[in-house]
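For reference, the structure discussed in these notes is given below.
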């Protein structure tokens with residue numbers, strides 16, 4: 001029986017990566033997530049499982065290492081923070097366009113530009129609406145605890161290989177840097193088998209495997225895009241994940257993910273002590289977004305406050321979900337400032353209940 | 001003289017065979033312009049893979065540029081890399097599949113402009129890969145723009161009056177930089193404009209593949225090549241122009257030969 | 001039981017590791033715990049603080065703006081966090097370098113001159129353990145053996161020879177903490 005250990009979110013991701021049987025980690029240091037590669041370097045993953053660990057010359061190189069490794073059929077991952085993830089966008093688009101599985105971790109910091117190293121949720125649009133060029137989607141998982149940072153590594157790889165699609169864990173500096181207790185799954189062996197599409201060397205029993213996102217013939221390129229869209233539709237149908245807390249009697253609703261959802265739990269307790277019946281809806285998959293599950297609640301609700309550490313990004317999806325049937329507003333802080341529980345309650349009162 | 005002609009029946013006899021397409025080349029027709037060095041270099045690589053018997057152990061990485069479709073012609077597993085990133089892609093493949101032969105095939109824009117960082121760092125880490133660098137001093141695929149290796153005074157669609165150093169800087173000798181990195185094991189500069197040079201190039205690329213098995217570092221072969229379309233010349237003239245102008249600036253020969261070999 | 005604590009002082013005072021030991025002590029007694037540091041350049045020599053929450057239930061927000069307990073180890077932190085203690089809550093401070101002592105009369109205030117005591121003990125590194133001892137005296141949250149176990153878990157093995165010294169420091173803290181003012 002594994003026991004609980006106390007760890008930072010970033011360290012938990014690293015340990016979980018080794019335990020999940022990851023074949024390779026390629027990354028470039030950036031605050032606030034450098035603990036991932038530092039932990040891996042100290043943990044000697046090569047001795048533990050044979051896992052490859054490489055500090056790349058840039059985020060651009062790192063994401064293209066993922067492309068190469070994923071194309072060879074291996075379980076590969078990287079982690080970075082906002083500016084580094086921006087640099088990777090071209091590569092992410094290629095990976096999606098070549099239908100390769102991989103795991104990306106974004107420990108978000110405040111932007112735009114070099115911004116700040118403090119936590120933020122300002123990369124929601126970038127993660128859920130494309131980010132790079134072309135019609136593609138990442139599966140985006142939003143952990144709200146150190147335990148979920150660990151658990152979503154193997155979940156992320158499972159989804160990535162099931163759908164041959166990149167998966168992103170969208171975290172933030174707060175969850176990356178905070179310590180909580182976490183229990184790890186036992187060590188999984190690294191897979192010895194390669195998927196049949198992987199470039200492992202053409203043997204006489206099969207045609208050569210080619211990893212590419214290029215097809216200059218518009219008709220074929222459109223057919224490929226239709227195939228991608230069909231895959232995304234299936235993901236939307238099957239892979240929506242969320243958590244509802246005290247929603248049964250709720251007249252008002254917080255919608256929040258990650259760090260914000262944790263703060264909103266506190267706000268919810270405070271508001272309920274004042275007799276305000278507020279619940280919390282926490283999307284766990286930001287893409288696919290739980291549109292239907294939020295829409296189903298509109299009958300019981302008088303208003304929704306979307307709480308994000310951003311200028312208001314997810315709130316657009318909440319509005320799409322409720323189709324104008326319920327009042328929706330946004331409260332957020334920017335630039336690395338984390339909203340406090342009482343200012344969220346205050347904004348619920350002002351923007352939703354009183355407004 | 002009528003006596004010298006041979007019939008088709010005679011011609012296809014085994015003893016009259018002077019050239020055979022490598023089995024590693026597919027039946028797809030090359031899209032390259034007539035006289036282009038890419039076709040010859042592809043053939044050389046295919047022949048080496050066949051002769052070494054490493055088809056099932058070889059993974060190639062194609063670039064963005066004229067040879068973006070290399071995977072259409074080589075009957076080996078291949079990955080198409082984003083522009084300039086082939087060395088990073090190959091790094092991961094080789095590290096995750098260390099028993100395999102991994103090669104990149106890149107043009108001058110890919111390897112010496114947009115991908116400079118990946119080129120230098122893969123070579124500096126001494127990744128056990130083979131890198132083939134086709135240097136024809138111009139951007140072929142996009143229609144003849146200046147390359148980082150375009151000679152001073154050489155015309156291109158973005159230097160219509162010739163490359164001017166004060167504006168565009170000097171042509172970069174990437175292989176001369178690479179050769180100084182301790183991570184490289186074998187570095188050579190060759191060309192494919194005469195049969196003799198083709199043979200030398202084949203010898204160099206063969207070494208660059210064979211040495212991968214030693215795990216001693218990056219093997220790097222530059223092939224100085226022509227671009228008849230981009231240079232707006234016929235193939236014969238382009239080869240002559242290359243010999244007269246490119247080769248004095250990019251002199252041929254082995255540049256780093258391992259001391260423990262030969 | 002839920003105990004929400006801020007520990008604040010200078011970088012290098014062992015603020016973060018003290019929080020970590022508290023958390024591990026909680027883990028030993030099957031509590032839910034969270035440890036949320038301030039991070040970034042300010043860690044390097046400037047102010048450092050960590051929010052520690054210990055609870056019998058799932059912890060909601062790891063980031064809070066009022067605290068059951070504030071452990072304050074420099075003047076800047078006094079200015080920032082004295083007002084953030086909940087009425088009836090606890091403030092523990094080290095008098096070393098404090099120019100304005102706590103002024104509130106609706107909270108319990110204790111003083112522990114740990115910096116001075118650490119110097120007397122011959123190891124300034126025991127400073128944070130003396131403070132921890134003082135806190136444990138007032139709050140009596142954990143069995144002392146859980147704290148020692150937590151200390152073991154928290155320290156890398158190469159520092160395990162330091163455990164007896166740290167244990168002694170905790171005991172010293174239990175002895176020297178002084179009540180300044182209490183409510184109710």
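Worth pointing out:
- Cβ pairs under 8 Å, 6+ apart, first in region B:48-68 and at positive phi, second modelled with pLDDT under 95 and assigned to a loop (DSSP other than H, G, I, E, B): B:65/B:140; B:65/B:141
- Qualifying residue in region C:72-79 (condition: under 30 Å from residue A:115 (Cα atoms), within 13 Å of chain A (Cβ to nearest Cβ) and touching a strand residue (DSSP E or B) at 6+ places or on another chain (Cβ under 9 Å)): no
- Being more than 18 Å from the chain's Cα centre (by Cα) and buried (at least 16 other Cβ atoms within 10 Å of the Cβ) is a condition met by at least one residue of region B:202-224.
- Search result, residues across region B:171-183 that are closer than 16 Å to residue B:138 by Cβ and exposed (fewer than 14 other Cβ atoms within 10 Å of the Cβ): none
- Residue C:17 being at pLDDT below 95, in contact with a strand residue (DSSP E or B) (Cβ under 8 Å, 6 or more places away or on another chain) and either at the interface with chain A (Cβ under 10 Å from one of its Cβ atoms) or within 20 Å of residue C:149 (Cα to Cα) (or both): no
- Some residue of region B:76-83 being at pLDDT 95 or above and more than 8 Å from chain A (Cβ to nearest Cβ): yes
- Among all positions in region A:176-199, there is at least one residue which is farther than 30 Å from residue A:142 by Cβ and surrounded by 18 or more Cβ atoms within 10 Å (Cβ to Cβ).
- Residue A:92 being more than 10 Å from every other protein chain (Cβ to nearest Cβ), farther than 20 Å from residue A:10 by Cβ, within 18 Å of the chain's Cα centre (by Cα) and buried (at least 20 other Cβ atoms within 10 Å of the Cβ): yes
- Taking the listed residues A:192, A:183, A:162, the one that is more than 13 Å from chain C (Cβ to nearest Cβ) and more than 19 Å from the chain's Cα centre (by Cα) is A:192, with no other qualifying.
- When the helices (runs of 4 or more DSSP H) confined to region A:200-304 are screened for residues that are within 14 Å of chain C (Cβ to nearest Cβ) and surrounded by fewer than 22 Cβ atoms within 10 Å (Cβ to Cβ), those reaching at least 1 such residues are found at A:258-273.
- Qualifying residue in region B:114-124 (condition: within 9 Å of another protein chain (Cβ to nearest Cβ), in a helix (DSSP H, G or I) and surrounded by 24 or more Cβ atoms within 10 Å (Cβ to Cβ)): yes
- Strands (runs of 3 or more DSSP E) contained entirely in region C:24-98, each with at least 2 residues that are closer than 26 Å to residue A:7 by Cα: C:32-37, C:47-55, C:67-72
- Which numbered condition residue B:145 fails, given (1) surrounded by 24 or more Cβ atoms within 10 Å (Cβ to Cβ); (2) more than 30 Å from residue B:52 (Cβ to Cβ): (1)
- Test: residue in region B:4-21 that is without any contact (Cβ under 8 Å) to a residue 40 or more places away in the chain and within 14 Å of chain A (Cβ to nearest Cβ): no
- The helices (runs of 4 or more DSSP H) located wholly in region A:1-85 that include 3 or more residues which are in contact (Cβ under 8 Å) with a residue 40 or more places away in the chain and more than 8 Å from every other protein chain (Cβ to nearest Cβ) occupy A:9-19, A:35-43.
- Among the residues here, residue B:62 does not qualify as closer than 18 Å to residue A:56 by Cβ, modelled with pLDDT of 95 or more, in contact with a helix residue (DSSP H, G or I) (Cβ under 8 Å, 6 or more places away or on another chain) and facing chain A (nearest Cβ under 10 Å).
The values are calculated or read from the model by the stated rules, or taken from the named source; none is laboratory data. Keep in mind it's a predicted model, so treat the numbers as computed, not measured. Glycine also receives a Cβ, built like all others from the backbone with ideal geometry; neighbour counts cover every protein chain displayed.
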